[in-house]
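Below you'll find the structure, written out as structure tokens, and then a few comments.
All of the numbers you see were taken from the coordinates with simple rules; none came from a lab. Not measured: the values here are computed from a predicted model. Cβ: placed from backbone, ideal geometry, glycine included. Neighbour counts: every protein chain shown.
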Amino acid sequence: MTTHYNSTAPSTMSYTRADLAFKAIAGSIGIGLVLLLALWNLTHFPAPWYDEGSHLHVPKTFVRHGVYADLSSEGYRYYGPTIGVGPTVLLPIAGVFKVFGIGLLQARLVIVIYLLATIAAFFSLARLLGNTKFASLATAIFVSSPSVALFEYGRQVLGEVPGLMFILLGLLLWFSSWHKLSWWRLVLAGVLLGLGVVTKYQYLLAIVPTLMLSWGLNLAYFRAVPHRVFLVLAITVIVVFGLWQLFTLIYLGPSTVTENFAALREFNAGAAAVFSRDLMVRALREIVSWRAFMFTLLPALGYGAYFTFRHLPDDADVSAIGDAMTRHQQWSVIFLLVTSNLVWYVVASVSWIRYAFIGLSLASLFVARLFYDLTNGLNIRALWNGIRACPGTRLRRWGQLALLGILVVMVIFPLGRITLNVMRTPLPDSFIMADYVNANVSHDALIETWEPEMGFLTDHRYHYPPQLLLIRAVRQIWQGGVPVSELYDFTALSPDYVLVGEFSRWVNVYPHERLQANYEPVTSIGRYELFKRR
């Protein structure tokens, strides 16, 4: 099989003016589409929801009260949102709030900067591993895949996309000077990877095993670079993450370090070490479905294992072997990062596809490599000429053209869907309910809710269920645990209002019979219902 991914190989291709003009037009269209999907209708799609609302509480509280915490009617809450997304996201948003005021648009514009930087870093990493055509293909698959859902996550205040940006930049710095690494480059690459882990804690479960396994492969198989290439990086990542953990234990909250550590441990373990057979089956179905690159994820990873770990010919040029071995070893790092995340996602997580974000994002490189190699470097003209000139190879050429057709469908249809969602999404129900609450509910009233986005969109006095109840809710939904309605009675505080939304209805924290006995409905707007105490 002829491969075309090696950027170090001399190019024998010549481009006509028409080719160059086509590339310029295609590149302009691609950049324009990315900007459209990143910025258009930014506050409407996706609609604000539980996770984003809880994360936004922290910068709002920090700007208003100078405390890095969530805020409920009883006081500050130091765990939950503060560890759901790292300070690498929340502090820049707080800075923007300080200068331009508090608002969803301001917060999401910060996230969009991360999104655009992530796409640029992904393209650069793919070009380092291949060439510009390969990088363009890999980026198209990355931004369009429904399983990655890049524009859904990259337009919300979540940690997945910013964390991926730091990891991509760390890998890019690390790989770009593999044989000329200085200590400061290694440490800086480790700091970037560490910031990715601080931004999204789950990434630690993929980064550390990847670095350790890569070091082991270097010892036993590749033997191409010094040990410090991996050890300095791993130590730096652990130090960066450890320093942030030490800060959260000592400085966040009035409790003792022991109590803070217990709360932190429960939050981190709530969805990271489940080990449920039913959830394993569900997670496996997710990554072999059509959403995961139209059923090509596992074949692409199998092909990735083949070309990454295959032996090079003994009669090859020594310098060529060195360059190829370097590139294979770098591909092996990406492969281990993907498989580490996906194995954890299937075996130990709660099977929420968002937990496989980093693995599926980087798996786009292997899917692209599979299609790129099987179609002779996306050379449509050569394939068509081969069909006409060589009757003996027509079947294979037609098969390669069919693969190109699958590739087009894989990219175009999801891009069309996300474009329609971005363009057509109306004003979210949460905005309309926020306007109603502002106009009709006194600021002195106590509102009970488990819809934290409302606490960001309005300045009323809210009480939220205890933060550790979220862990119980996860167990209730995914593992059939004790219903949260049996663990929490919202009537104990006698709130003036109860605001029921999508999340609280999903976990049934406010049972209908309890509401009916103590409260009367005031209004219903979309997915939200407002009740007033009788």
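Based on the alpha-carbon gyration tensor of the chain and its eigenvalue square roots a ≥ b ≥ c, which shape applies: rounded if a/c is under 1.5, prolate if not and a/b is larger than b/c, or oblate? Can you show the working numbers first?
Details: a/c = 2.17, a/b = 1.70, b/c = 1.28.
Prolate is the answer for the chain, as a/c is 1.5 or above and a/b outweighs b/c.
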Gain in span if fully extended, VAL99 to GLU74, counting 0.36 nm per residue against the direct Cα distance: 6.1 nm
What is the helix-to-structure angle for 297-309, meaning the angle in degrees between its Cα long axis and the longest Cα principal axis of the chain, kept from 0 to 90 and rounded to the nearest 10? 50 degrees
With +1 on each Lys and Arg Cβ and -1 on each Asp and Glu Cβ, and nothing else charged, work out how big the dipole of the chain is about its Cα centre, in Debye to the nearest 20. 1740 debye
Pair TRP290, ASN440: separation of 7 Å Cα→Cβ label points (nm): 4.2 nm
Quick one: angle between helix 50-65 and the longest Cα principal axis of the chain, in degrees between 0 and 90, rounded to 10, please. 70 degrees
Regarding segment 404-528, what are the three Cα extents along the principal axes, ordered largest first, in Å? 62, 39, 23
Between VAL408 and TRP178, what FRET efficiency comes out of the Förster formula 1/(1 + (r/R0)^6) with R0 = 22 Å and r the beta carbon distance, rounded to 0.05? 0.05
Nearest 10 degrees, 0 to 90: helix 132-144 Cα axis against the chain principal axis: 30 degrees
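I need the peptides 225-237, 461-473 ranked by packing, meaning the mean over residues of other C-beta atoms within 10 angstrom, with the highest value on top. If you can, show how the numbers build up before the last one.
Numbers: 225-237: 17.8, 461-473: 19.5.
Top to bottom by mean Cβ count within 10 Å: 461-473, 225-237.
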If the label point is 7 Å along Cα→Cβ of ALA224, which residues in segment 130-171 have backbone nitrogen under 20 Å from it? 130-132, 134-135, 168-171
Using only alpha carbons, build the gyration tensor for segment 158-214 and give me the equivalent ellipsoid semi-axes, biggest first, whole Å. 20, 12, 9
With label points built 7 Å along Cα→Cβ from the Cα atoms of ARG17 and ARG277, find their separation and express it in nm. 7.0 nm
Need one number: % antiparallel among DSSP beta bridges in the chain, to the nearest 5. 70 percent
Restricting to DSSP H runs of at least four residues, report the calculated mean residue ellipticity at 222 nm for the chain, -39500 (n - 2.57) per run over all residues, nearest 500 deg cm²/dmol. -21000 deg cm²/dmol
Among all the lysines, which ones have a C-alpha under 26 Å from LYS133's C-alpha, if same-chain residues fewer than 8 places away are not counted? LYS23
